[in-house]
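Presented below is the structure to which this report refers.
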Amino acid sequence: MAFDLQDIVPFGRSYREYVDMFALDEADRSCPILDCGGGPAVFNAELTRQGGRVISADPVYAFTAGAIRARIDEVVPEMVVQLRRNREKFRWDRSGSPEELVALRRTAMEAFLADYPAGLREGRYVAASLPGLPFAARRFDLALVSHLLFLYSDHLEEAFHAGALKELAGLAREVRVFPLADLNARRSRHLEPVRRALDKAGNPSEVVQVDYESQKGVNQMLRIVGA
């Protein structure tokens with residue numbers, strides 16, 4: 001099935017959010033990283049600026065910067081409406097209001113868009129999607145998955161989650177996934193069956209609390225031992 005830009009709701013995270021979501025220390029940030037499904041996040045741009053090595057994979061990278069910007073402009077007003085409507089479900093200690101949060105995210109996405117053309121030329125942004133990625137086994141030390149797996153548990157089946165994480169575990173020595181809750185902030189029903197499948201495949205995992213909580217009560221990542 002062809003991927004359509006209208007299928008996505010871009011809401012790119014900041015560099016600081018990535019560091020906190022995935023508990024990234026200095027050693028983590030100095031190793032080869034795969035950022036899978038990050039969309040218009042600024043993590044690749046900022047880490048590259050700091051001298052890091054990161055490749056981001058997402059089907060949205062098949063589109064031009066102009067097309068991605070137009071989609072961002074299209075969905076941001078509705079994001080503000082939804083954040084206002086569900087304000088009590090979020091913590092606001094990092095950003096004081098829905099408007100401030102969206103402004104922070106827009107700043108991150110603008111930085112992504114500024115870096116995007118050069119990143120495409122340099123091969124740092126690759127148009128690809130799980131569960132089949134065009135990378136050699138054991139190419140990365142760390143693979144990160146932000147706001148894709150487990151979040152969309154009502155749309156992506158258990159088998160997809162298991163297959164995607166087994167794929168990533170073959171590409172990196174460690175995989176980290178955030179969040180572990182679905183869109184309603186409930187722990188994903190796929191989490192424990194997928195962990196059992198990974199353990200059976202020789203990829204043990206653990207749930208780790210992190211110093212990041214945007215949705216109330218959603219502050220854990222999954223760490224998986226990979227290749």
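Answer yes or no as to whether Phe63 is within 14 Å of His147 (Cα to Cα) and aromatic (Phe, Trp, Tyr).
No; evaluated as a whole, the condition is false for this residue.
Kindly indicate the residue of region 99-146 that is hydroxyl-bearing (Ser, Thr, Tyr) and within 29 Å of Val225 (Cα to Cα) and also surrounded by the fewest Cβ atoms within 10 Å (Cβ to Cβ) among those meeting that condition.
We begin by selecting, within region 99-146, every residue hydroxyl-bearing (Ser, Thr, Tyr); these are 107, 116, 125, 129, 146.
Keeping just the survivors that are within 29 Å of Val225 (Cα to Cα) gives 125, 129, 146.
Details: Tyr125: 26, Ser129: 17, Ser146: 24.
Going through the qualifying residues, I end up with Ser129.
Per-residue answers, yes or no, for (1) in contact (Cβ under 8 Å) with a residue 12 or more places away in the chain; (2) in a loop (DSSP other than H, G, I, E, B); (3) not basic (Lys, Arg):
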{"position": "Leu34", "(1), (2), (3)": "yes, no, yes"}
{"position": "Gly38", "(1), (2), (3)": "yes, yes, yes"}
{"position": "Ala41", "(1), (2), (3)": "yes, yes, yes"}
{"position": "Leu47", "(1), (2), (3)": "yes, no, yes"}
{"position": "Gly52", "(1), (2), (3)": "yes, yes, yes"}
{"position": "Ile55", "(1), (2), (3)": "yes, no, yes"}
{"position": "Ala67", "(1), (2), (3)": "yes, no, yes"}
{"position": "Ala70", "(1), (2), (3)": "no, no, yes"}
{"position": "Arg84", "(1), (2), (3)": "yes, no, no"}
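Can you tell me which residue within region 40-74, out of those that are among the aromatic types (Phe, Trp, Tyr) and either in contact with a Phe, Trp or Tyr (Cβ under 8 Å, 6 or more places away or on another chain) or buried (at least 22 other Cβ atoms within 10 Å of the Cβ) (or both), is nearest to Arg105 (Cα to Cα)? It would help to see each step written out before you state the result.
Here is the first cut: in region 40-74, the ones among the aromatic types (Phe, Trp, Tyr) are 43, 61, 63.
Narrowing the set further to residues that are either in contact with a Phe, Trp or Tyr (Cβ under 8 Å, 6 or more places away or on another chain) or buried (at least 22 other Cβ atoms within 10 Å of the Cβ) (or both) leaves 43, 61.
Details: Phe43: 12, Tyr61: 18 Å.
Here the residue is Phe43.
Each row is one residue, and each column tells you yes or no for (1) closer than 30 Å to Asn184 by Cβ; (2) in contact (Cβ under 8 Å) with a residue 24 or more places away in the chain; (3) not in a helix (DSSP H, G or I).
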| residue | (1), (2), (3) |
| --- | --- |
| Ser95 | yes, no, yes |
| Glu100 | yes, no, no |
| Leu104 | yes, yes, no |
| Met109 | yes, yes, no |
| Phe112 | yes, yes, no |
| Tyr116 | no, yes, no |
| Arg138 | no, yes, yes |
| Leu142 | yes, yes, yes |
| Leu149 | yes, yes, yes |
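Would you point out the residue of region 16-32, among those that are without any contact (Cβ under 8 Å) to a residue 12 or more places away in the chain and not in a loop (DSSP other than H, G, I, E, B), that is surrounded by the most Cβ atoms within 10 Å (Cβ to Cβ)?
If we take residues in region 16-32 being without any contact (Cβ under 8 Å) to a residue 12 or more places away in the chain and not in a loop (DSSP other than H, G, I, E, B), then Val19 is surrounded by the most Cβ atoms within 10 Å (Cβ to Cβ).
Counting only residues that are buried (at least 18 other Cβ atoms within 10 Å of the Cβ) and at pLDDT 95 or above, how many does region 181-209 have? Before the answer, list the steps.
Initially, region 181-209 is screened for residues buried (at least 18 other Cβ atoms within 10 Å of the Cβ), giving 181-182, 188, 190-191, 194-195, 197-198, 203, 205.
Add one more test, that the residue is at pLDDT 95 or above, and what stays is 181, 188, 190-191, 194-195, 197-198, 203, 205.
Final tally of qualifying residues: 10.
Go through region 210-227 and give me each residue that's in a strand (DSSP E or B) and over 12 Å from Pro179 (Cβ atoms). Walk me through how you get there before you give the answer.
As a first pass, look at region 210-227 and keep what is in a strand (DSSP E or B): 215, 220-225.
Result: Arg223, Ile224, Val225.
Scan (1) outside any helix (DSSP H, G or I); (2) buried (at least 18 other Cβ atoms within 10 Å of the Cβ); (3) of a type in the set (Asp, Glu) for the single condition Asp154 breaks and write down its number.
Tallying (1) outside any helix (DSSP H, G or I); (2) buried (at least 18 other Cβ atoms within 10 Å of the Cβ); (3) of a type in the set (Asp, Glu), Asp154 fails exactly one: (2).
Select from region 121-140 the residues that are basic (Lys, Arg) and touching a helix residue (DSSP H, G or I) at 6+ places or on another chain (Cβ under 9 Å) and write down the one among them that is nearest to Arg173 (Cα to Cα). Explain how you work it out, then say what you get.
Taking region 121-140 as the starting set, the residues that turn out to be basic (Lys, Arg) are 121, 124, 138-139.
Still in the list and also touching a helix residue (DSSP H, G or I) at 6+ places or on another chain (Cβ under 9 Å): 124, 138-139.
Working: Arg124: 20, Arg138: 7, Arg139: 9 Å.
Restricting to residues being basic (Lys, Arg) and touching a helix residue (DSSP H, G or I) at 6+ places or on another chain (Cβ under 9 Å), the top hit is Arg138.
For residues that are more than 16 Å from the chain's Cα centre (by Cα) and at pLDDT 95 or above, scanning just region 1-27, find the one that is farthest from Val175 (Cα to Cα).
Here the residue is Glu26.
So, Phe178, is that one crowded, with 22+ Cβ neighbours inside 10 Å, closer than 15 Å to Leu130 by Cα, at pLDDT 95 or above and not aliphatic (A, V, I, L, M) or not?
Working: crowded, with 22+ Cβ neighbours inside 10 Å: yes; closer than 15 Å to Leu130 by Cα: no; at pLDDT 95 or above: yes; not aliphatic (A, V, I, L, M): yes.
No, not satisfied.
Looking at (1) in contact with a helix residue (DSSP H, G or I) (Cβ under 7 Å, 6 or more places away or on another chain); (2) of a type outside the set (Ser, Thr, Tyr); (3) at pLDDT 95 or above; (4) surrounded by fewer than 21 Cβ atoms within 10 Å (Cβ to Cβ), which is the one condition that is false for Lys216?
Just one mismatch for Lys216, condition (3).
The values are calculated or read from the model by the stated rules, or taken from the named source; none is laboratory data. No experiment lies behind these values; they were computed from the predicted model shown. Note that we place each Cβ from the backbone using ideal geometry, even for glycine, and neighbour counts take in every protein chain shown.
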